[in-house]
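Q: Dropping a structure here in structure tokens format, bear with me for questions.
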């Protein structure tokens, strides 16, 4: 099922041992440098050079017009006192943690359901995964209607129709729930993506193990807990990494659905970075926030990778 | 699982189908409203469209200039994919076969790009592209996507090539082929499974990407589908039927391609990420 699962069978070329002539021939088996050069040039121009410039600009008062001068840690001090920016850190973390748990929880349940011998499994798999291939901006516009505050529209309309009219909300307009509404929309779009990765993991669980545990008298839950779950560790690693990085960088859905509002209720690091640069023209400050985001993403993904990979080894 | 299709499986089937129906409600609302005129949308937005009209669709198609946007997205996605497969596979072949400090160092340098959020270089790169006069052009976007997606592409290709025996290429070299020939004629065809994954994952990312095309192409004639839809929705925000017809039309191409290739797409998403 997985495309590169033969990875461990690495047939490394034998180390060169013999005399000079033979070593020269082996060395010439290495591809020439120009195989890597074009990729390196494009990568350097598009990613490395601008990122390094960004790290430098983060310590300047650059506004895009005229010159820029270094102002030390002033941008970071401003960040510590900027309510909108501090709120965006909080919102980003809340969104990420919510998406991390709920999206992967739902994805796992869907995967277990679709993995069973039900007749509609192939169709359900396609249905649940489909939103993941659509542009997040378009999904956000669709959900903007579902969250329409009018009593007979979207979700409120459904609630009214089933007699739960008192549950109606201004889903995106009420600052106390707007962030959760955004999270729900993201989870709706990407739960199927988590499902697909868990499914690939489930397909790698040998049926003999399930069978053996069953004969030994293990019930459904114990079979899952002690046979399936440990073997899902690699799929879990991939899913947690993907949803963490996706959550920390989230921009499109928020920008299209709420543009950070109401007030600053759904502002995230990425929307603040965008606004500081392209609305207020504070390019130095904007890149300083971007540097904070970069450190965030790097730290969290390295720590996660370390812990989850270790878990995989013991599993 | 060797379960018979017993009562419990039947119950599970019902639960899963109910979940799918609830899951699809937003899609039903989208399609139902796109088929109604303004009056019906206002009076009964969620009812089944008993008198469907396609007027919204023809109006959305022309007022959103979706034809142009689809062409722009297709050109940018296709050319970027060709560049990514070409540059990525050559580079990965070098990195996988160059098993010394240089090869390892360069590999780590590429991997760094997976973690770096692009916002860090967003503004310097924007100025750079502006200085080169490439804002509002296909070239600017294509070079951007090639660069930004190379780390992930190189990562996928390198993992795959490392697991591939080098005997095939060595045999070709002994038979007198050059490195270019050995790679293109012998190795590259063996990379087909991972090339499929690379193409699918990058295609979905590039086709749906929003922020960069908004910055580089916004307001120009080269706008991609998500940017065009964003502008269109902003313009007709009060006309839900029209907006939804536009959304359906804009999402249709990728949905159709997904349904046609669903086995490969799902495999690509599931398999490519097992790094």
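Since every read-out is calculated from the coordinates, none of them should be taken as a lab result. None of the values given here were measured: they were computed from a predicted structure. Here Cβ is always computed from backbone atoms with ideal geometry, including for glycine, and neighbour counts include all displayed protein chains.
Q: Take the alpha carbon gyration tensor of the protein assembly as shown, find the square roots of its eigenvalues, order them as a ≥ b ≥ c, and report rounded if a/c is under 1.5; if not, report prolate when a/b exceeds b/c, else oblate.
A: Oblate shape, in that a/c is at least 1.5 and b/c is the bigger or equal ratio.
Q: Also, I was wondering about something else. Highest mean first, what order results for A:50-63, B:30-43, B:194-207 on Cβ atoms within 10 Å?
A: Highest-to-lowest ranking by the protection proxy: B:194-207, A:50-63, B:30-43.
Q: Hey, another quick one. Within 10 Å of each Cβ in peptide B:261-270, how many partner chain Cβ atoms are there on average? Round it to a whole number, please.
A: Averaged over the peptide's residues, the number is 6.
Q: Could you please rank A:223, A:90, placing first whichever residue has the fewest other Cβ atoms within 10 Å of its Cβ?
A: A:90, A:223
Q: Please report Rg (one decimal) and Dmax (integer) in Å for the Cα set of the range B:7-53.
A: 15.0, 47
Q: Can you tell me which of A:156-165, A:184-193, A:235-244 comes out highest on packing, and rank the rest after it, using the mean Cβ neighbours within 10 Å?
A: With the highest mean Cβ count within 10 Å placed first, the list reads A:184-193, A:235-244, A:156-165.
Q: Output the 0 to 90 degree angle, nearest 10, between the alpha-carbon long axis of helix B:192-208 and the longest principal axis computed from the alpha carbons of chain B.
A: That works out to roughly 40 degrees.
Q: Give the angle, between 0 and 90 degrees and rounded to the nearest 10, that separates the Cα long axis of helix B:25-34 from the longest principal axis of the Cα atoms of chain B.
A: Value to nearest ten degrees: 60.
Q: For peptide A:238-250, what's the mean number of Cβ atoms from other chains within 10 Å of each residue's Cβ?
A: 1
Q: Moving on to the next point. Give me the percent relative contact order of chain B, please, defined on Cα pairs under 8 angstrom at least 6 residues apart.
A: This gives 30 percent for chain B.
Q: What is the average number of partner chain Cβ atoms found within 10 Å of a Cβ in A:251-263?
A: Across the residues of A:251-263, the mean count of other-chain Cβ atoms within 10 Å is 2.
Q: Per DSSP H run of at least 4 residues, take -39500 (n - 2.57); add these up for the protein assembly as shown, divide by its residues and hand me the 222 nm value, nearest 500 deg cm²/dmol.
A: After summing the helix terms and dividing by the residues of the protein assembly as shown, the value is -21000 deg cm²/dmol.
Q: Could you let me know the centre-to-centre spacing of the range B:205-275 and the range A:210-284, using Cα atoms, in angstrom?
A: 21 Å
Q: With the cut-off at 1.5 for a/c, could you classify chain A from its C-alpha gyration tensor as rounded, prolate or oblate?
A: Here chain A falls in the oblate category.
Q: Let me ask something additional. Ordered by packing density, taken as the mean number of other Cβ atoms within 10 Å over each peptide's residues, highest first, how do A:297-309, B:64-76 rank?
A: Highest mean packing first, the order is B:64-76, A:297-309.
Q: Next question. Under the √(5λ) rule applied to the eigenvalues of the Cα gyration tensor, what semi-axes describe the equivalent ellipsoid of the range B:113-203? Give them in Å, descending.
A: After diagonalising the Cα gyration tensor, the semi-axes are 34, 16, 11 Å.
Q: Still on this structure, I have one more. Between helix B:262-271 and chain B, what is the angle of the helix's C-alpha long axis to the longest principal axis, kept within 0 to 90° and rounded to the nearest 10?
A: Approximately 50 degrees, to the nearest ten.
Q: Continuing with this model, one more query. Provide Rg over Rh for the range B:60-271; use the alpha carbon set for both Rg and the Kirkwood Rh (inverse mean inverse pair distance).
A: Across the range B:60-271, the Cα-based Rg/Rh ratio is 1.04.
Q: Report the Rg/Rh value for the range A:86-209, based on alpha-carbon coordinates and the Kirkwood definition of Rh.
A: When Rh is taken as the Kirkwood radius, the ratio is 1.05.
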